[in-house]
Amino acid sequence: MAKHLDIEKFELFPHERTLGKGDNIPKGRGLYAWYIDFSKFKNFNTVEEFSKKIELINNLISLDAITGNVKSFFRNYSVSLSESRLFIDKFLIDDTEEEIIFGDKLKNLSVDDCRKIMELLANFSILVNPLYVGISSSLRTRWEQHHKAFTTIKELQGNNEDEGYLKALAQKSFGGRVAYKGFNWEYLIFACVEKDIDRKLINETEFLINRLYNPLFGRK
C-alpha cells in the first residue's frame, strides 16, 4: 500500500473568518500564501456588471509598465513595453455615447452563463497559483503587517497623497500593492501552515517557492 504524503494541514482565512483583526491566525512560524477569493464576485444581475467584475480582477493582475533595452549594431534603445490586453478585452465592454459594445466572448453569454463562469472561478480560488507566498517567524504578525500596509495606502489615497510617493510606498509590501491596485481587503484569502522552520532556512526556502510558483505579487 502506498504511503500517504506527510504534508501539514493548512488553514484558510477568508475575510469573514478574520473580520479585519486576524487574532485567530496562528502566532507561530510557518508558510503562507494569499489568494483571490472569487466567491466575492458572484453578486451581479447583468452581463455588464459581470464584465465590470472581470475588469476589476484584470486591474489587479495587470502588470505595471515594463521597460527594457534593445541593442542594435549602431546603438542601444530604451523602450517601454505595453502589456497585451487582447485576452481580457474579450470579456470587457466599452461604453460609447451611442451604445455599449461587448467583448467578443461576452456577445454570446447570458446572465446565467456569466453566473456559472463565476461559480467555477470561485472553485479555483485556491487551486491555482497564489498572488503571494512567503515564510514568516510569526504568521499572525505577517498578516497584521500586510493589513496595516493595505490600510495605510487606502488612507493616503483618500487624502490625495502625492502619486509618486504613494506608488513608491505601496511597492514595499503585498498589502500596499493590492491596495494601490484598487482592490478590497475582503477579496483576499490568507492560507497558512504553522510549522517550526529553522530561521536560517527561511530565506532560502522562500526564494525557491517564489521561483517555482512565480506569484504575481511575489519577490522577483
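The values are calculated or read from the model by the stated rules, or taken from the named source; none is laboratory data. Worth saying up front: this structure is predicted, and the values here are computed from it rather than measured. Cβ atoms come from the backbone with ideal geometry, glycine included; neighbour counts cover every protein chain shown. We work out accessible area using only protein heavy atoms, side chains counted, and drop any ligands, DNA or RNA first. Shrake-Rupley method; radii C 1.70, N 1.55, O 1.52, S 1.80 Å.
A few notes on this one:
- Taking the helices alone, the chain has a mean residue ellipticity at 222 nm of -11500 deg cm²/dmol, built from -39,500 (n - 2.57) per DSSP H run of at least 4 residues and averaged over all its residues.
- Linear extension gain, Asn24 paired with Glu8, 0.36 nm per residue minus alpha-carbon span: 3.9 nm
- Rounded to 10°, Cα long-axis angle of helix 139-158 versus longest principal axis of the chain: 30
- Karplus (6.51, -1.76, 1.60) ³J(HN,Hα), θ = phi - 60°, over region 213-218, in Hz, Gly and Pro reported as x: 9, 6, x, 4, 9, x
- Heavy-atom accessible area per residue - the chain, 1.4 Å, Å²: 65
- Options (i) 135; (ii) 236; (iii) 149 - which one matches volume of the Cα convex hull per residue in Å³ as calculated here: (ii)
- Partner lysines for Lys195 [C-alpha distance under 27 Å; skip if fewer than 8 residues away on the same chain]: Lys3, Lys9, Lys21, Lys27, Lys148, Lys172, Lys220
- From phi via Karplus (6.51, -1.76, 1.60), per-residue ³J(HN,Hα) for region 176-183 in Hz, x at Gly/Pro: x, 5, 5, 5, 4, 6, x, 7
- Charge tally around Ile126: other residues with Cβ under 13 Å, Lys/Arg +1 each, Asp/Glu -1 each, net -2.
- For the chain, the fraction of 1.4 Å probe accessible surface lying on carbon and sulfur atoms is 53 percent.
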